[in-house]
Amino acid sequence: MFEHFGTRAGLLIALYRDYDERQTLAMRAALETNGRTLEDVAGIVSAAYIDCVLTAGPEFGAIFAARSATEEMEDFRQSLRDSYVAEYREAFARFVKLPRQEGQVLMEGILGASEALAQAAASGRTSREQAIAALSRIMLGALSAPDRP
């Protein structure tokens, strides 16, 4: 079985890539249909990230974390992070104009909050609803801050 994928990490990457693509398409469809305001977009993007982690399940996260020690998996994790940052930038671009460097740093910070809140929901330390609400609030605060240049 591994011959097709090269390694165990290759198999896991292929499985996760397929799963991630389906989740991203669902988020884009929701944004296209319901993303009329900055608040709508923050809610959709927040729910999409939290639900992606919750739907994948704890086993998938544990396997992914265990395999992240390999260079192949670490490269894949970074490419996922870059992809999420790009998706966030695109989702919010209609409502918030950010210079390239500032936008990159801000979206990476939002992604960090997304990861932390998704893990809190996955471990049961907070509810799905609380995680989504908090993440939406963080996004709105970061993107509509009056002191942001």
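The values are calculated or read from the model by the stated rules, or taken from the named source; none is laboratory data. Since we're looking at a predicted model, the values are computed, not measured. All Cβ positions, even for glycine, are placed from backbone atoms using ideal geometry, and neighbour counts span all protein chains on display. What goes into the accessible areas is simple: the full protein's heavy atoms, side chains included, and nothing from ligands, DNA or RNA. Shrake-Rupley method; radii C 1.70, N 1.55, O 1.52, S 1.80 Å.
Mind checking which residues of the stretch 105-132 are of a type outside the set (D, E, K, R), in a helix (DSSP H, G or I) and free of Cβ contacts under 8 Å to residues at least 12 places away in the same chain?
Passing the criteria: V105, G112, A116, A120, Q130.
To keep it simple, each residue is scored yes or no on (1) open to solvent by 50 Å² or more (accessible area, probe 1.4 Å); (2) aromatic (F, W, Y); (3) under 22 Å from G57 (Cβ atoms).
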residue	(1), (2), (3)
R94	yes, no, no
A113	no, no, yes
A116	yes, no, yes
G124	yes, no, yes
A131	no, no, yes
L135	no, no, yes
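Quick grid of which residues meet (1) at pLDDT 85 or above; (2) open to solvent by 30 Å² or more (accessible area, probe 1.4 Å); (3) more than 18 Å from the chain's Cα centre (by Cα); (4) among the acidic types (D, E):
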{"position": "R8", "(1), (2), (3), (4)": "no, yes, yes, no"}
{"position": "A42", "(1), (2), (3), (4)": "yes, no, no, no"}
{"position": "S46", "(1), (2), (3), (4)": "yes, no, no, no"}
{"position": "F76", "(1), (2), (3), (4)": "no, no, no, no"}
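Taking the stretch 84-104 as the region of interest, how many residues are assigned to a helix (DSSP H, G or I) and either in contact with an Asp or Glu (Cβ under 9 Å, 6 or more places away or on another chain) or not hydrophobic (A, V, I, L, M, F, W, C) (or both)?
11
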